[in-house]
Structures are given as structure tokens and as C-alpha cells.
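The values are calculated or read from the model by the stated rules, or taken from the named source; none is laboratory data. The shown structure was predicted, so the numbers you read here are calculated from the model rather than taken from an experiment. In this analysis, Cβ positions are derived from the backbone assuming ideal geometry, glycine residues included, and neighbour counts consider all displayed protein chains. The protein model used for the area step is the full one, side chains on, heavy atoms only, and it has no ligands, DNA or RNA in it. Shrake-Rupley method; radii C 1.70, N 1.55, O 1.52, S 1.80 Å.
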Amino acid sequence: MKGKIMKFRLLLPYLAITFGLAWGLIALLMLFPQQIAAVFGELSAKNPLFILAVYAPAIAAFILVFSHGRLQGLRHYLSRLFLWRVHWGWYAYIFIGIPFLFYAGAAIKGNLFTDPFPFSTWQEMLWALAFMLFLGPIEEFGWRGVGLPLLQQYFAPIWAGIILGLIWGIWHLPAFYLSGSLQSTWSFFPFFIGTIALSIIVTPLFNASGGSILLPMLYHWQVINPVFPDAAPYDTIMFVAAAIIVVIINRKKMFSRDGAVTEVIPRDTMT
């Protein structure tokens, strides 16, 4: 018996859980900083409640997938973690192109050779890389795992990517007003524009891979890589330029729903 397809109407409850959980936790951190610090420690990216807020898109995804497909559906949804086959150019972009954009932005900013390397030991650097791998990229279980395929049921990839980028950027907004968070020292507008550009770029990668969750996670990890130099706001300019190039190269697929991944739970595995 085939499993039911998760349809576009589930986008609203997905977003309600994602925003409700994340913004609710951020509100608690804002309203009761001393009490929370006494229990969980000072507010930082390592604070358990902050991490839980970051995981909200993934938590919402797991709740909806499980409620829709139970354990079997969850297993098939997670099978998308093993989709890795894609044109080698995408791997070149992830592991060479993204670092180039950050270093080029830092060169334009003028701090490429002046800012000190952020880590004093290799062990410290490796720990930071591992921590970031299990922080932001976990969001992709939700954004590209659920949000993008649902949007592509109604919109061409270019519009789905833009809409999801808008949602993704707005979702981060409260963190910019939370003292001690990663975003509290950043400017929101360049981040917001950059998030839309990043969402546009990852959309054809997602579709070309057949709906991989793994590749967007690697992509997300690279764009928050703590090793790269501070290039703000020029990193945003670089990623906007990259998004324009990616759209031009993939223009036929970006403006057509043909070939767009629209299934959250792969239908051909649901028996």
C-alpha cells in the first residue's frame, strides 16, 4: 500500500511549529536571561536552549513526517541523507567555490592578510568545525527536507527558492536582538539578502541531486565555516553574484517545475 504524499497544505503547520518553537525559546532567553543562565549557562551558541531553537526546523520536519508516514515514512525520508550523486561541478562549488567567495570578499574588504587566524591549535579548529557541522546544517532537515519540496509543488524552483529564502531569513530575525548570539553583532539586512541568495543557489543543487538532504547540509556547513575570514558585507555581494550566475546556468530548470523535487517522503520507496 503506497504511503500518502505530503502536500503543500502542510507547509503552514510546518512553519507554525518551526517559528513557534524557535521564537518562543528566543523570547524566553530574552525575558529571563539570568534565570536561564543560572540553569544552562551564559547565552552563547553552545547554550542548550539556543541549540534547541536552531533545531526547530528539523524538529518540525520530524514531527510532520512521523505523523504522516510513521516509522516507515521517517525511514524513507531519512534515506534522502544518502543521496550524493550530482555533477562534480557542485562539489567543486561547495568545497572550492564557497571558500573562494569568502576569501575574495575579505580581500575586497581589506582584512584578508590583517585579521589573525581564529584558532590557536588544530584541535581547537577541528572541534569548532565539528560543532558547526551539528548546529546550522541540522536546519536542512526542515528547510530543504520539507519546505522546498512542498513549495515546489506549486512554484517553479526560482520562486520556491526565493520564498524559502525570505522565510529562512525572517526566521533568524529574533537572534539579531539576542545578546550573546552569533547574529547579535551582525547587520540584519545584508544577512537577509545573503540568505535569499544562498537559498536560490542551493535549489538547483537540491533538484539535481534528486532531493538530497546531505548536500544542502554540506553547503550550509561551508557557508558558516568558522575558518573563513570575516568578509561582511562583501560576502553577501559575492553570493548574490554567484546566485545570478547559477540561475543563468540553470535557467531552463529554474523557471520550470519539470524535474523539480516535490516529494518529502520518496514515493517509490513507500510500499
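List of remarks:
- Pair list, Cβ under 8 Å, 6 or more apart: region 244-267 residue closer than 17 Å to R144 by Cα, other residue of a type in the set (F, W, Y) and surrounded by fewer than 19 Cβ atoms within 10 Å (Cβ to Cβ): R257/F155
- Meets criteria (part of a helix (DSSP H, G or I) and within 20 Å of M132 (Cβ to Cβ)) for G89: no
- A197 surrounded by 19 or more Cβ atoms within 10 Å (Cβ to Cβ) and at pLDDT below 95: no
- Selection within region 37-69: residues that are open to solvent by 40 Å² or more (accessible area, probe 1.4 Å), of a type outside the set (V, I, T) and within 18 Å of I17 (Cβ to Cβ). The member of this set that is nearest to the chain's Cα centre (by Cα) is Y55.
- Residue under evaluation G105, criteria (1) in contact with an Asp or Glu (Cβ under 6 Å, 6 or more places away or on another chain); (2) open to solvent by 50 Å² or more (accessible area, probe 1.4 Å), criterion not met: (2)
- If you filter region 113-158 down to residues that are assigned to a loop (DSSP other than H, G, I, E, B) and open to solvent by less than 50 Å² (accessible area, probe 1.4 Å), you find that the one that is farthest from D258 (Cα to Cα) is F119.
- Restricting attention to region 238-270 and to residues that are of a type in the set (K, R) and part of a helix (DSSP H, G or I), the residue that is least open to solvent (accessible area, probe 1.4 Å) turns out to be R267.
- Residue list for region 1-32, restricted to those being open to solvent by 70 Å² or more (accessible area, probe 1.4 Å) and in contact (Cβ under 8 Å) with a residue 60 or more places away in the chain: M1, K2, K4, K7, W23, M30
- R9 within 13 Å of G145 (Cα to Cα) and among the charged types (D, E, K, R): no
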